[in-house]
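The values are calculated or read from the model by the stated rules, or taken from the named source; none is laboratory data. The model shown is predicted, which means the values in this text are computed figures rather than measured ones.
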Amino acid sequence: MEYERLVEILHGQRLEEPLTWVYIGALIAVAVAGWKVGGVLLDDAPNVGEK
């Protein structure tokens, strides 16, 4: 994605274009996946300092 397009999306100027919503959906999907994967990885980590 070009820098100019990202700036326009952030300022709400390109919200009528369908491709903009694909980009926003992809960003949300990546954020949720990273959050879930991070949770799984941290759940399996040994608890250091726990007695």
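Annotation: of all residues in region 1-31 being assigned to a loop (DSSP other than H, G, I, E, B) and of a type outside the set (Lys, Arg), the one that is nearest to the chain's Cα centre (by Cα) is Met1. Filtering region 32-51 for residues that are modelled with pLDDT of 85 or more, in a loop (DSSP other than H, G, I, E, B) and of a type outside the set (Asp, Glu) leaves an empty set.
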